[in-house]
1. For segment 87-108, check the following and say yes or no: at least one residue is loosely packed, with under 15 Cβ neighbours inside 10 Å, of a type in the set (D, E) and free of Cβ contacts under 8 Å to residues at least 12 places away in the same chain.
2. Of all residues in segment 5-44 being β-branched (V, I, T) and closer than 23 Å to M137 by Cβ, which is surrounded by the fewest Cβ atoms within 10 Å (Cβ to Cβ)?
3. Test each condition in (1) touching a strand residue (DSSP E or B) at 6+ places or on another chain (Cβ under 7 Å); (2) more than 15 Å from M1 (Cβ to Cβ) for E115 and report the one that comes out false.
4. Given the options L83, L55, name the one that is within 30 Å of M149 (Cα to Cα) and touching a strand residue (DSSP E or B) at 6+ places or on another chain (Cβ under 8 Å).
5. Is it the case that L47 is part of a loop (DSSP other than H, G, I, E, B) and either surrounded by 19 or more Cβ atoms within 10 Å (Cβ to Cβ) or among the hydrophobic types (A, V, I, L, M, F, W, C) (or both)?
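The values are calculated or read from the model by the stated rules, or taken from the named source; none is laboratory data. Quantities reported herein were computed from a predicted structural model and do not represent experimental measurements. Don't worry about glycine lacking a Cβ; one is built from the backbone with ideal geometry, like all the others, and counts go over all protein chains shown.
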Amino acid sequence: MKAILHCDKKWGIGKKNDLMFHLPEDMKFFRRTTLGKTVVMGSNTLLSFPNGKPLPKRNNIVLWPNGDKERAKEDGFTLVESLGELFALLRGMDDEIYVIGGAMMYRTLLPYCNEVLLTKVDADGGAEVSFPNLDEMDEWTLTEESEPMNDNGYVIRFCTYSNSEVKDL
């Protein structure tokens, strides 16, 4: 399992249940990477999407305690109501799985991720929620980092971190 996201220079990842920056190159990378794959998210992340609908052309799994099962069926996403239910479902999957938010899902599932695909933005986005600083965690190593590039007026770098202590689901 992998996590995919962008963060600002303070490891902030969002505010007002939304992204802090409009980054077309980062969005292309996200789309290209997750298309046809399984994405795992919390209910707030789902609700932050246009019309609260799941991402097209992906297997969307949403952890949503007491979520609306009828809505999940109509909108075409898999609803799980507990971490136990989520882990049981993920253990049975062969797909590439990407955790896509929000902050609580990242924090909860990070120990189970073997990689984090992180777009670092050299700016302060005024975040209300943040991601753990992987540079300060012994089990995480920066294994790849792109050259800096401009994305809609921001300097970004695509980074890959690897986890040396992945927990089993």
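1. Yes, because at least one residue in segment 87-108 is loosely packed, with under 15 Cβ neighbours inside 10 Å, of a type in the set (D, E) and free of Cβ contacts under 8 Å to residues at least 12 places away in the same chain.
2. T33
3. Tallying (1) touching a strand residue (DSSP E or B) at 6+ places or on another chain (Cβ under 7 Å); (2) more than 15 Å from M1 (Cβ to Cβ), E115 fails exactly one: (2).
4. It is L55.
5. No.
Here's the yes/no breakdown for (1) of a type outside the set (A, V, I, L, M); (2) modelled with pLDDT of 95 or more; (3) farther than 22 Å from G125 by Cβ; (4) assigned to a loop (DSSP other than H, G, I, E, B):
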site	(1), (2), (3), (4)
G14	yes, no, no, no
D26	yes, yes, no, no
T33	yes, yes, no, no
P65	yes, yes, yes, yes
R71	yes, yes, yes, no
E74	yes, yes, yes, no
M93	no, no, yes, yes
